[in-house]
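What follows is one structure encoded as structure tokens, with my remarks underneath.
The values are calculated or read from the model by the stated rules, or taken from the named source; none is laboratory data. Computed from a predicted model, the values in this text were never measured in an experiment. Glycine also receives a Cβ, built like all others from the backbone with ideal geometry; neighbour counts cover every protein chain displayed. Side chains are part of the model used for accessible areas, which takes the heavy atoms of the whole protein and leaves out ligands, DNA and RNA. Shrake-Rupley method; radii C 1.70, N 1.55, O 1.52, S 1.80 Å.
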Amino acid sequence: MRITAEAKIANRQRILSVAAHLFQEQGWDSATTRDIATAASIANGTLFNYFPSKESIAAALIEDAVACSWEDFSRRRTGRESLAEDLFSYVWSGFKGLRQYRKFLAPAVEAIFSPLAQPSRAEAGASIRIRHLETVERILLDHGISRPLPAFVLQLYWTLHLGVLAYWAADESPHQEDTLALLDRSLNLFAGTFANDNIGVTHHERRSE
Amino acid sequence: MNADLNELMAALPHDTAEPLAEFSREQLERIFADLARRPVPTASLHRLWTLGELSVQVALASVALWIRRGFASAETHQRQTLETNLRLGLKIFHRLAYLRGALMKLGQTAGSFPQLIPAQIADTLDRLHFEAPPMHYSLIREVLAGELGADPDDVFQTFEHQAFAAASIGQVHRATLKSGQPVAVKIQYPGIARTIDADFRNLSALLQPLRLGKDWESLQSQFEEIRRMLQQEVDYEREIDSLRRARAVFQGEEGIVVPEVHAAFSTRRVLTMDYIPGLHLPEFLATRPPQELRNRFGAKLLFVWYRMHAARMNYADPQSGNYRFMDDGRLGLIDFGCVQYFTDEEFELLRLAYRSGEGDPAVVRELLRRGCGATDRDLSNEDYMGLIGESIRWMAEPVRHVGPFDYGDEQYLKRGVEWFARLVAKRYVRSHPMFMYFHRSAFGVKALLYRLGAQVDIRDVPVEPWWTSGGSQPS
């Protein structure tokens, strides 16, 4: 039986919604793809037509949750922000999108993004990483940092970002104020690597040149 | 000392005679640019290291000046001293603004003692109250969203993205409530309150070598008092309470303004209060105010000091950033983060301290026994009693003086600093912890009056003499 595109979308959404619920309730390690398929009232094999692994389900949840972060960031941006502030605003927009998944985010992020993750698992998070880093490069470009960046620069950024994300997921301080400070520190550190050329130039100043 | 040569070179005074103001601005701009990139250090070890580095730099710069003195002509001597002092001030400013936590209070206190340290350093430290670099708005927005439950743009009619003042643990933004009321919103750096404990663990470790000294217990209790006061200072709910009490104390006093708190927009980490327009002391002095106006503000500063004591409170951080000199002649009190409340026992000691200025030796002895733990041996120690007597006479001098007392007299302040330094050198500093903040505020107010150049007859300050035996019991 052929199913319609609408039905496919509905199935995908149902799987994601059920998975998010199970990850939160049972915990990341305990919830299996079989549990998810059962709760979504679909066959186990059908689930794999949509998602090849548990990690890919989590990656899809994360990707959907952060999809609005660029729009959110752009809407708030005035053009007078420093590089560190722009990055802060963009990253925090993403965190806010992920807030609903904070409970299971740390193990999921570890499974998907760990440098030691199996290739099939790492594959699940590849598009999130690429999209995020493309956005960061775009922000850097807005601040006049246009030369090809050495690979380690973006790797440094991504490592900081994952570290802060993992910290945030387990942050018990009021309103996650410790993560706010940590993110601020980390991004100042990262922006400081460009200190000798463009760090003091705001997006606004750059555009008006 | 294994000093880095570049550090030494950087600390040396410049050879070219640049105008001082230009020099200062250029340096400050560079420092602000640097600060904007620096994170707030929250790891205690990092803070300790930073402090250690500062002391090395200050020492190096002083040594460099001393070496150069041997070769410099008399004309260039003064310039070099000025420049070195300025550079030291900027370095201290840089470090303290960077630390931003409990240690910054040290800098602010030093800023109120212009004779303890060179004037250039005092001026630079004074900028800490207003010019420390702000958190960027995106961070402010998230802190406010966490504390108030909504973006500042939704909570307030207007909210200025740039801070107009910086405090040791926060910064202040101008805003307007939906009602149109102009307000000042004080916002704390995220997580900074908890670093105060880490600061104190470090300082405790530094103080350990003193533990065998005879004053260790007193030192420890004073240290605990500082920790207690700083912990209060980071809790804005306590400050709200102090603001409300102070408003009650000065209700009906037309010359004194205490801002009203807007509780709906305040939490432990965010404090929203009426915006009080006016000038800071340096700005006020820059208008070259006439002597008569200086005197009137001086009398108000003293009135606040006495009136709050009568209410069993002490405005314990009287640095210039906490006052506004208003166009209409009123004095605004804008920061109640550091308010000391006297217990019954402490209030009795305060009464004794006031009365000791009247010159009765029996009162002085009672004060020393009860307030400083003095033994019979101490009371028969001529050196100790002589120095204590000198300090009491100094404190009471403006009160005993007939006619307007000139607080702008540099010699007066210098004498105060001298006896204080001698007390410290001879380690006659054992006292009830309450006197630490009392003395800090006493010196602070006198330092403010000195900078103001005020001449005030204490008898013109309308305060009920509650401390005398016949005085009425205060509220």
Q: Quick one: order A:Trp158, A:Trp70 from most to least accessible surface, probe 1.4 Å.
A: A:Trp70, A:Trp158
Q) Which whole number gives the average, over all residues in B:387-400, of C-beta atoms from other chains lying within 10 Å of the residue C-beta? A) 0
Q: Give the angle, between 0 and 90 degrees and rounded to the nearest 10, that separates the Cα long axis of helix A:119-142 from the longest principal axis of the Cα atoms of chain A.
A: 30 degrees
Q. What total accessible surface area, summed over both chains, is buried at the interface between chains B and A, computed with a 1.4 Å probe and given in Å² to the nearest 100?
A. 1800 Å²
Q. For helix A:54-66, what angle does its Cα long axis make with the longest principal axis of chain A, in degrees from 0 to 90 and rounded to 10?
A. 50 degrees
**Q.** Hull-based mean projected area of region B:267-388, where the convex hull spans the alpha carbons, in square nanometres
**A.** 11.0 nm²
Q.
Let me spell out the model: positive unit charges on the Cβ of Lys and Arg, negative unit charges on the Cβ of Asp and Glu, origin at the Cα centre of region A:62-196. What dipole size does that give, in debye rounded to 20?
A. 140 debye
Q: Run the accessible area of region B:327-475 with a 1.4 Å probe and give the carbon-and-sulfur part as a rounded percent.
A: 51 percent
Q: Calculate the mean, over all residues of peptide B:137-150, of how many other protein chain Cβ atoms lie within 10 angstrom of the residue's Cβ.
A: 5
Q. Is any residue of region A:127-162 close enough, with backbone N under 19 Å, to a label point placed 7 angstrom from the Cα of A:Thr78 along the Cα-Cβ axis, and if so, which?
A. A:143
Q) Relative to the present Cα-Cα distance, how much length would full extension add between A:Thr193 and A:Gln24 at 0.36 nm per residue of separation? A) 57.0 nm
Q: Give the relative contact order (percent, whole number) for region B:336-475; include only Cα pairs under 8 Å separated by 6+ residues.
A: 29 percent
Q: Could you work out, residue by residue across B:185-192, how many beta carbons of other chains sit within 10 Å of that residue's beta carbon, and then give the average as an integer?
A: 4
Q | Which of B:Asp376, B:Asp241, A:Asp29 is most accessible, then next, and so on - probe 1.4 Å | A | A:Asp29, B:Asp376, B:Asp241
Q. Using only helices, what value at 222 nm comes out for chain A when you add -39,500 (n - 2.57) per DSSP H run of length 4 or more and divide by the total residues, to the nearest 500 deg cm²/dmol?
A. -23000 deg cm²/dmol
Q. Summing Lys, Arg as +1 and Asp, Glu as -1, what charge do residues with Cβ under 11 Å from the Cβ of B:Asp153 carry, B:Asp153 excluded?
A. 0
Q: Before anything else, pin down the relative contact order of region A:5-51: Cα pairs under 8 Å, at least 6 apart, normalised by residue count, whole percent.
A: 35 percent
Q | Relative contact order (percent, whole number), chain A, Cα cutoff 8 Å, 6+ residue spacing | A | 25 percent
(Q) Below 11 angstrom from the Cβ of A:Ile36, what's the summed charge of the other residues (Lys, Arg +1; Asp, Glu -1)? (A) +2
Q: Would you tell me the accessible area of A:Ser146, worked out with a 1.4 angstrom probe on the heavy atoms of the protein chains, in Å² to the nearest 10?
A: 90 Å²
Q.
Under 5 Å between amide hydrogens, which residues at least 5 positions from B:Phe405 or on another chain qualify, with H placed 1.01 Å from N in the peptide plane?
A. B:Val456, B:Asp457, B:Ile458
**Q.** Solvent-accessible area of A:Glu63 with every protein chain in place, 1.4 Å probe, in Å² to the nearest 10
**A.** 50 Å²
Q.
Tell me the Rg and the Dmax, in Å, that the Cα atoms of region A:5-51 produce.
A. 10.2, 32
Q.
How tilted is helix A:177-192 with respect to the longest principal axis of chain A? Cα atoms for both, answer in degrees (0 to 90, nearest 10).
A. 50 degrees
**Q.** Cross-link pairs beyond the 27 Å C-alpha cut-off, checked among A:Lys54/A:Lys96; B:Lys178/B:Lys300; B:Lys300/B:Lys426; A:Lys103/B:Lys178; A:Lys96/B:Lys186
**A.** B:Lys178/B:Lys300; B:Lys300/B:Lys426; A:Lys103/B:Lys178
Q: Rounding to the nearest 20 debye, state how big the charge dipole of region A:5-51 is about its Cα centre with +1 on each Lys and Arg Cβ and -1 on each Asp and Glu Cβ.
A: 180 debye
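Keeping all protein chains in place and using 1.4 angstrom, which order do B:His401, A:His143 fall into by accessible surface area, from largest down?
From most exposed to least exposed: B:His401, A:His143.
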Q) Given a cut-off of 22 Å, what percent of all Cα-Cα pairs of region A:62-196 lie beyond it? A) 36 percent
Q | Estimated distance in nm for a label pair at B:Lys178 and A:Ile130, the labels positioned 7 Å out from Cα along Cα-to-Cβ | A | 4.7 nm
